[in-house]
Amino acid sequence: MANVPTAKLQEPTKDVEKKDGEESGSSTDKEVKVQVPVLTTEEEILNNITLIGRAVTTIEPRFTIRVLRTLTTLRKKLDKDVLKKALDQAFPKGSKTGQQLIASPIFDNLPSAPAPAQAQASSSSSDEMVVDPTPSTTIAAGDGAKKDEEKKDTKEKEASKKKAYTPPVDASGDLLPEGVMYLRLLLILANLDAGKINEAGEFALETTELISSLNRRTMDQIAAKVWFYLARSYELQGRLAELQPAFLAVRQTASLRKDETLEVTIINLLLRSYLASQQYDQADKLIAKSTFLGAANQAQTVRWLFYAGRLRAIQLNYSQARSYLQTAIRRAPKDEVAPGFVQLIHKYFIIVVLLTGVIPDRALFRKPVLKQALLPYFQIVQAVRVGDVTGFQQAFQAHEAVFLADSTHFLILRLRHFVIKTALRTITLAYSRISLADVCVKLHLDSEEDTEYIVAKAIKDGVIDATIDHQGGYMQSKVARDVYETDEPQNQFNKRVNFCTQVYNESVRAMRYPPNAHRKELDTAADARERDREIAQLIQETENDADDMDDMGDI
């Protein structure tokens, strides 16, 4: 096994009997090295192929899902040498499919990893491996024979591990198609990371055609990943819209076959393509007419919530957009796993919250992952909060390139009206009477006519309480009256009384009485007869008492 890291263990300080009458207290601790087995990258790939074979034989997709979860960490270790070793060992001897993959241009064009980088990576991994001293791994320093035996055992274990892999084969004796598609997926990732975007796109398109021709249900999870990275390669080339017809056809096929994983992946890819090409009507129809199966994949659910929130924000439905984005933030992966995606969600969430008339919490901008990325948006929030039109324009012009890259440029432009409204509210509180020309100067507007229109619109919307004198050309703020001089307290009291009455009436209507509840106490017919006798006796006694009361009239 290549580059096996070592860890230092210290012998426990215990009294040990020694030969030739030496004292036990004079013994000194000695350090020995124990080999800790670590899987190499090619061994991880082979183990993943074994899991995929188990998933095929047992028809359990959870093994394939477990393999695909390791793609994020495994793709960082991929290079040409690692893939060469994995391809040589993964296929049975004499497999033509393996030879074709090794001889294909997609593999030949991969750059070879430099040797120093591998040495640094192996040294760093060996430094990070620490093993606690345990009695089972402690070795006596003077026992050379035991060392030799344990070295032999470790070598035999390593040899058995290498021999333990047997490629899962199909009826023809070749590697299972699921394993072949997994190796092709690794080649796609390696080419994307190496900058070979065009080659990766062509190879991914060829892989999707092979998956469609094989038509195996055990390949659904891998097919979803291949389609995702095909869309990614085309998006990096600026050709994502070209795949829309293929996406629609694949989505229809996946829906008919009940392939939920592939269906939700294709729906998200379609939404991403429609939003990127500004086809908002198509995206709205897709959301309205498709049923998203959120239980199929957690990551795809978060993506769908993010895309739906973006679309609702564009359609001026800010309340629903805020709900979608807030749910996406709660269900998003950890900040360390996907920092870029988390940052993008928060950028849209901040803008949507501002458009609803609410100032975001300041603690949101103090998170380590978001602090630097949200700095331009923090300046926009500060300008909106105080109604600083000049500060808003300066922040917008300074970070316009960032807003264009994030596709939030047009949403931030809508915030200008909120900044003006906040500034007008501040002006009405500070001045009882001010000319429209001065308002135009303070708000940095183009003309007095625009200022008069904006002030009139603010008065109509109830943002400010003022009047406009068109002849004099000024704005007169109304004096704040005592609220108890108006009908507002009476209206509020009437509203609360009506609410309480409504709650009482609904409670009465909701009450239910079980039928014949009074008969539960009468368990038997004998009890019923006894009760009837008691009632008759009580009636008779009552009549006697009434006769006695007749004598009271003589007094």
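Things worth noting here:
- Restricting the calculation to Cα atoms, region 435-479 shows an Rg/Rh of 0.93 when the hydrodynamic-style radius is the Kirkwood one.
- What a 1.4 Å probe finds exposed on region 211-361 is 48% carbon and sulfur by accessible area, rounded to a whole percent.
- Taking label positions 7 Å along the Cα-Cβ direction at both residue 512 and residue 81, the computed distance is 7.4 nm, reported to one decimal.
- Total formal charge among the other residues, if their Cβ is under 11 angstrom from that of residue 233, Lys/Arg +1 and Asp/Glu -1: 0
- Amide hydrogen proximity for residue 435: with H placed 1.01 Å from N in the peptide plane, the residues at 5 or more positions away or on another chain lying under 5 Å are 475.
- Using the Cβ-Cβ distance between residue 205 and residue 468 with R0 set to 60 Å, the FRET efficiency works out to roughly 0.40.
- Solvent-accessible area assigned to carbon and sulfur over region 435-479 amounts to 49 percent, based on a 1.4 Å probe.
- Listed residue pairs exceeding 22 Å between alpha carbons, taken from 334/367; 460/495; 196/347; 347/371; 285/334; 334/371: 460/495; 196/347; 285/334
- Residue-normalised accessible area of region 435-479, given per residue in Å² at a 1.4 Å probe: 62 Å²
- Other residues lying with their Cβ under 11 Å from the Cβ of residue 244 contribute a combined charge of +2, Lys and Arg counting +1, Asp and Glu -1.
- Net charge, residue 468 excluded, C-beta distance under 13 Å - Lys, Arg +1, Asp, Glu -1: -1
- Inter-probe distance in nm under a simple model that places probes 7 Å from Cα toward Cβ, at residue 72 and residue 281: 3.9 nm
- Spin-label proximity, residue 359 to region 368-408 - amide N less than 11 Å from point 7 Å beyond Cα toward beta carbon: 381-388
- Modelled FRET efficiency - R0 51 Å, residue 432 with residue 194, Cβ distances, 0.05 increments: 0.15
- Computed 3J(HN,Hα) for region 447-453, one whole-Hz value per residue from the Karplus formula 6.51 cos²θ - 1.76 cosθ + 1.60 where θ = phi - 60°, is 8, 5, 5, 5, 5, 5, 5, glycine and proline marked x.
- Multiplying the residue separation of residue 485 and residue 497 by 0.36 nm and removing their Cα-Cα distance gives an extension gain of 2.2 nm.
The values are calculated or read from the model by the stated rules, or taken from the named source; none is laboratory data. This one's a predicted model, so the numbers in the text were calculated from it and none came from an experiment. A quick note on method: Cβ atoms are made from the backbone with ideal geometry, for glycine too, and the neighbour counts reach across all protein chains shown. We work out accessible area using only protein heavy atoms, side chains counted, and drop any ligands, DNA or RNA first. Shrake-Rupley method; radii C 1.70, N 1.55, O 1.52, S 1.80 Å.
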